[in-house]
1. Return the single residue from B:26, B:83, B:66 with maximal mean-square fluctuation; model: Gaussian network over chain B, springs between Cα atoms under 10 Å.
2. Once label points are set 7 Å from the Cα along Cα→Cβ at both residue A:811 and residue A:716, what is their separation, rounded to one decimal in nm?
3. Which of rounded, prolate or oblate describes the range A:175-245 when judged by the alpha-carbon gyration tensor and an a/c cut-off of 1.5?
4. What's the center-to-center distance, using Cα atoms, between the range A:50-125 and the range A:218-259 in Å?
5. Using Cβ contacts closer than 10 Å as the measure, can you line up A:659, A:534 from fewest to most?
6. Pairs of Cα atoms under 8 Å, at least six residues apart: use those to get the relative contact order of the range A:127-223, whole percent.
7. Among B:34, B:95, what is the fewest-to-most ranking by other Cβ atoms within 10 Å?
8. Any idea what the dipole of the protein assembly as shown comes to, in debye rounded to 20, about its Cα centre with Lys/Arg Cβ at +1 and Asp/Glu Cβ at -1?
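What follows draws every value from the coordinates through simple rules; no lab data is involved. Quick caveat: nothing in here was measured; it's all calculated off a predicted structure. A quick note on method: Cβ atoms are made from the backbone with ideal geometry, for glycine too, and the neighbour counts reach across all protein chains shown.
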Amino acid sequence: MSGWFWRRLGRSDARRDVEQELRFHLEMRTREYEAQGLSAGEARAAAEASFGDRADIAALCEAERAVRVRARRRGEVWTDVVSEARLALRSLWRSPAFTAAVVLTLGAGIALTTAVAGLVNAYLVRALPYPDSDRLVFVQGPGSPDWRDPPAFFEDVIAWDLDALSIVTGGSPERVWTSWVTAGFFEALGVKPVLGRLYTADEAAAGGESVAVISHSLWQRRWGGDRRVLGQTFSAYADDRPDDAEVFTIIGVMPPDFWYINRFTEVLAPLRAERSVSIARLAPGLTLADAEQRLAAAARARNPERSEVRLVPVQEALSRQVRPVLLALSGAVLLVLLLACGNAAVLQMVRAAGRDREFAVRAAIGAGRRRLVRQLLAEGLLLAAGSALLGVLLAWVVLAGFGEVLTRVLSAPVPGGTAALRIDGLALGAAAGASAIAALLFTLIPLVSLSRPDLAASLVDGSRSTDSRKRQRVRSTLVAAEVALSLTLLIGAGLLVRSAAHVQRQSLGFNERSLAAIDISLRQRAFGEPAARVALFDRMREHIEQDVPGVRIAFVSWAPFSRLGTVPVETPEQPMADSAAANVFAAAASAEYFDVMGIPVVRGRTFDATHGLGSPAVAIVSERLADRLWPGRDPVGQRIRIPASPDMHDTRPPEWRTVIGVVPEVRKTLTEENPPDLYYAWAQDAPYHAELMLRDVSGRGRLREVQDAIWRVNPELPLNTVRWIEDDVATASLPSRFLAGLLSSFAIFAVALAVLALYGVIAYAVMQRRRDIAIRMALGATRGQVIALFLRWGGGVTAAGVLAGMAGGFALSQVLRSQLHGVSATDGATYASVALLLAAAALLATWVPARRAAHQHPMNVLQSS
Amino acid sequence: MAGSDLFVGTLDLLILKALSAGPLHGYAIGRWIRESTRDVLNVQEGVLYPALHRLERRELIDEEWGVTETNREAKFYRLTAAGRKHLRAELERWREHTRAVSAALMPGRS
């Protein structure tokens with residue numbers, strides 16, 4: 001195709017060329033013969049005779065010529081590219097500040113885009129690392145069939161039950177999350193063990209001793225990564241079957257980066273009980289709706305009351321939590337990129353305006369408009385390529401260096417492990433797209449103002465302003481757009497900062513400093529009786545107080561920042577059926593709990609020694625619960641009941657409890673809606689699960705002493721979950737702080753860009769109009785009037801940008817809504833303050849160069865030019 | 001292609017020689033050849049042009065459009081550096097060649 005084109009072009013060129021040459025020869029020869037005395041006709045004939053066959057010769061010439069032209073054309077294209085690039089490089093080299101500003105800002109913009117594209121790809125786009133993962137669905141609802149009797153259109157089924165095992169052999173006792181899973185789990189998810197093997201369906205079905213597959217981290221931690229772990233046994237108590245220790249034989253180790261659907265699971269053992277299907281792989285070609293309908297029909301046939309069933313694609317379910325955050329991040333990054341591009345365009349435009357003379361000279365010595373466009377395009381491409389290179393490099397560093405942190409902050413593991421966070425096709429595509437847009441902007445925007453009359457004018461006028469109206473309008477629009485975009489980001493950031501501050505600042509209701517918690521579970525048969533449990537905890541308390549003096553301790557069944565479960569409550573006036581009944585966070589607390597936690601008792605009294613097993617049941621409520629249940633009445637003496645102890649293993653019937661005290665509310669999590677609190681007496685409830693709260697333990701050493709003291713009481717108690725409440729609070733606030741910090745840095749970057757653009761444009765205008773201003777001042781204009789001239793323009797542009805930015809900020813706040821705590825998406829104070837801040841910065845950026853213009857001496861300017 | 005009296009390669013050599021004094025257009029080259037060989041070589045003038053284009057393709061000569069002394073537009077040819085070198089080498093070869101052929105054809109005369 002292109003070969004044909006060049007040939008055509010070469011031939012027609014050659015023909016014209018040869019024709020002309022031969023005609024010239026014949027004319028000259030004819031004239032020579034005429035000079036020798038021949039008549040015109042004779043001379044012509046003689047010339048043609050001595051020349052030979054003209055058509056033949058012309059054809060020979062053309063053939064030679066066409067070959068040559070073709071060869072040269074090919075060479076020329078390449079030479080042109082090289083020379084154009086060299087010219088562009090030299091031109092950029094001559095304005096290093098411009099080049100650096102563009103490459104750095106644009107590079108940063110591209111880096112952010114690329115990194116976020118990598119994140120989005122890893123979380124939302126790329127298929128999960130399981131075979132045919134697009135057909136994997138969660139089966140939810142009571143209508144889900146039993147795993148042993150799946151419908152024909154389920155190709156693979158997984159059922160599991162989450163549990164915890166207290167491992168009591170080999171080393172200190174440890175409680176680990178365990179999944180009882182069907183053998184289908186390994187098959188459906190395509191698991192390959194790093195060591196040993198996985199169990200088969202037959203093995204899973206067999207009774208007797210159980211086999212177990214352990215996680216890579218448990219293998220490393222408890223068996224030191226020893227390959228002889230295969231065939232070893234360990235005994236453990238399962239939370240769901242606490243009566244007897246069971247023995248497990250280790251047959252395999254999971255790969256380290258295997259992404260569990262439940263990522264905390266450390267032991268996988270065969271599920272033998274009846275369970276409904278958790279995950280299934282649909283037969284190919286079956287739609288979700290179809291499958292749902294058929295499942296529901298089958299479920300109705302089994303039990304009409306339990307037919308509800310829902311299918312959710314696994315990928316969708318797993319990314320549900322991160323999706324809004326990632327979308328918000330993508331939006332913010334896109335804005336930053338747009339800003340960086342816009343900014344680069346403004347800089348390029350200001351620079352292009354200053355190059356009018358350069359272009360005019362080039363045009364005058366024969367460089368056509370096409371040549372100039374080509375040069376601008378070459379510069380744009382070079383700048384974009386440089387920025388893209390820097391951007392991809394930076395993005396790579398970000399993803400490689402901060403991948404771990406990012407996944408922690410997003411509080412969702414990356415499908416396929418952190419290694420999946422990498423720069424791949426999509427991320428590179430984003431970088432390429434971003435830089436292509438930038439290159440286009442670079443070329444097109446200066447062109448808008450580059451027209452022939454301008455060129456001629458600037459050559460004639462020399463230094464005088466040739467700033468056309470069109471060009472000014474383009475610049476104003478660009479700067480206003482930058483102000484708008486940066487305000488949009490600033491509003492988003494402002495809301496998030498306020499939200500993060502709210503999350504940070506909100507009163508926890510207790511003192512979290514130097515407060516530690518040790519998780520204790522009593523699953524063994526030995527502690528089946530409430531009295532046995534109470535006695536054990538009493539002995540623990542004695543030993544700790546004796547062995548580790550100076551530590552204050554208390555027991556609570558669920559401490560803040562451990563988990564957030566709620567139970568409904570009822571009062572004699574508001575029975576459970578009442579839909580207005582409150583849900584509460586219920587926990588059994590020992591008498592010292594409020595003192596150790598620093599929770600003041602605002603009314604009534606706290607628990608004491610008289611509230612033991614068998615005594616009339618009592619409770620303490622939080623202020624909010626009291627207000628809710630007994631508004632305007634004294635809560636002390638009222639009666640309250642929860643349906644059963646929140647501890648599932650407690651089979652005692654629910655009883656009415658009398659309220660003896662009121663305490664302030666405590667925060668159990670930072671960002672979610674927190675239910676009100678209800679406490680009941682430790683000794684009366686005797687829970688299976690306890691958190692030992694320790695006040696004034698400094699350092700791990702003291703914690704170890706406490707653990708040793710407990711093990712002296714009972715060496716089989718697993719105590720692996722030791723935590724500092726302060727750390728937990730910090731971790732809980734990490735996502736909101738991170739998101740706020742991230743968007744703030746975007747916004748600051750954006751504002752800097754916008755202000756830089758405004759400053760650049762004004763400074764340029766001041767320089768261009770130096771003579772004009774000098775004349776005005778010579779004619780009596782005051783400095784104030786000169787400054788006002790520029791302020792008026794800057795103010796107009798800023799005002800337009802602020803208005804548009806407000807609308808943009810409102811749009812962004814709607815996307816961020818789910819991430820905002822304690823601040824409304826339309827928070828007036830935030831909008832107003834950031835708009836003022838931006839306007840102030842913009843006016844400063846205008847005022848500084850305007851003042852410079854007003855303070856020059858008119859005569860100096862006029863004489864110098 | 002060449003006239004019967006012209007040895008192969010001779011025309012190329014003559015063209016290069018004609019251009020060695022400075023750029024000329026095709027017609028002037030033809031005239032120079034006619035005059036300097038005193039019309040002995042009976043060549044059809046048109047043959048000159050394919051030869052010129054061939055030499056140009058081999059990058060021994062280069063072209064450019066210019067204006068003649070009679071103020072007409074014409075294509076001028078000039079020697080490239082490669083052409084100049086080629087001419088020197090060919091002249092040397094030609095001398096040896098003619099010397100050898102002369103010695104063979106007319107022994108005792110040189």
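1. So, out of B:26, B:83, B:66, the one fluctuating most is B:66.
2. 6.5
3. Oblate.
4. Using only Cα atoms, the two centres lie 63 Å from each other.
5. Final ranking by Cβ density, sparse to dense: A:534, A:659.
6. 21
7. Fewest to most other Cβ atoms nearby, the residues stand as B:95, B:34.
8. For the protein assembly as shown, the charge dipole is close to 5260 debye.
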